[in-house]
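Accompanying notes for the structure given below.
Just so it is clear, none of the values below were taken in a lab; they were calculated from the coordinates. The structure displayed is predicted, hence computed values, not measured ones. Glycine also receives a Cβ, built like all others from the backbone with ideal geometry; neighbour counts cover every protein chain displayed.
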Amino acid sequence: MHLLLVEDERRLAVAVRRVLEEEGHVVDMTGDGADALAQAEAEEYDVIVLDVMLPSMDGYEIARRLRSSGDPTPILMLTARDSIKDRVTGLDAGADDYLVKPFALAELLARIRALGRRNHMGNGAESNVLSVGDLELDLRAREALRDGKRIELTTKEFALLETLMRHPGQVLTRSQLLDLVWSYDLLTESNIVDTYIHYLRNKIDRDFDQKLIRTVRGAGYSIRAS
Ligand code: CA
């Protein structure tokens, strides 16, 4: 998809652009409000990711102006605070969805996929089941099956497994997994990823001869059938 990313927090903008490009999206980026409006009016985007607090014009005003000119491009708004007032203001201004900072990048990717689907209703429907070997992850039912047997996963375990399964055979570093599944702003060296990989292994690999989750020494983790 062709995306416009409007975010003036440089570090966040760069991290978000990187994961979007890794997902195969083409990303235009700006940190200025007036500039964003001009770009959104000049180009056809599939989704606009729009921060609220911006120099020269805020995200609400940009959304309002786009909608009042009849532009239907889906808008995902990024808000700093989770207050009902902010949420209502954003939705009233014409945003289709919103995400409260700080967020997990995988959550952002999921919201963008959903908005993109809504925009292209009927064509290119994405499969709702990911599979690696005899492991299946049903994204709609939120259910994991190994060799036909149902496996109970917590929300974070599910998100971690989904992230690995969206990149089969690809090594994801601890810091990529931390950004994607937890939050982009966790700066601390954390062993939370290793802990959750351990939980996942106990659930999906322990009772099976063929292990799917691989540790790549010094690099990170990947999932693949041998
Ligand atoms: Ca901002």
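General observations
- In sequence order, calculated HN-Hα J values of segment 88-102 (Karplus, 6.51, -1.76, 1.60; Hz; x Gly/Pro): 5, 4, x, 5, 4, 6, x, 5, 8, 7, 9, 9, 8, 6, x
- Most fluctuating residue given options 158, 103, 208, as computed from a GNM of the chain linking Cα atoms under 10 Å: 208
- Shape call, segment 95-226: gyration tensor on alpha carbons, a/c limit 1.5: oblate
- Derived scalar couplings between HN and Hα for segment 9-18 equal 7, 4, 5, 5, 4, 5, 5, 5, 4, 4 Hz in order, rounded to whole Hz, by the Karplus curve 6.51 cos²θ - 1.76 cosθ + 1.60 (θ = phi - 60°), x for Gly and Pro.
- For the pair residue 28 and residue 202, the difference between a 0.36 nm per residue extended length and the Cα-Cα distance amounts to 58.5 nm.
- Neighbour-count order for 7, 41, fewest beta carbons within 10 angstrom listed first: 41, 7
- This ranking places 181, 129 by how few other beta-carbon atoms lie within 10 Å of each, fewest first, which gives 129, 181.
- For segment 61-132 and segment 24-45, distance of Cα centres in Å: 15
- Phi to ³J(HN,Hα) by Karplus 6.51 cos²θ - 1.76 cosθ + 1.60 over segment 148-154, Hz, x for Gly, Pro: x, 9, 6, 10, 7, 10, 6
- Tensor-based shape of segment 2-119 (alpha-carbon gyration tensor, a/c under 1.5 rounded, otherwise prolate or oblate): rounded
- Three-way shape label, segment 83-161, alpha-carbon gyration tensor, a/c 1.5: oblate
- Coil-residue GluC sites (Glu not before Pro) of segment 78-183, DSSP, other Cβ within 10 Å capped at 15: 126, 152
- Ranked 53, 1, 77, 165, criterion: other C-beta atoms within 10 Å, fewest first: 53, 1, 165, 77
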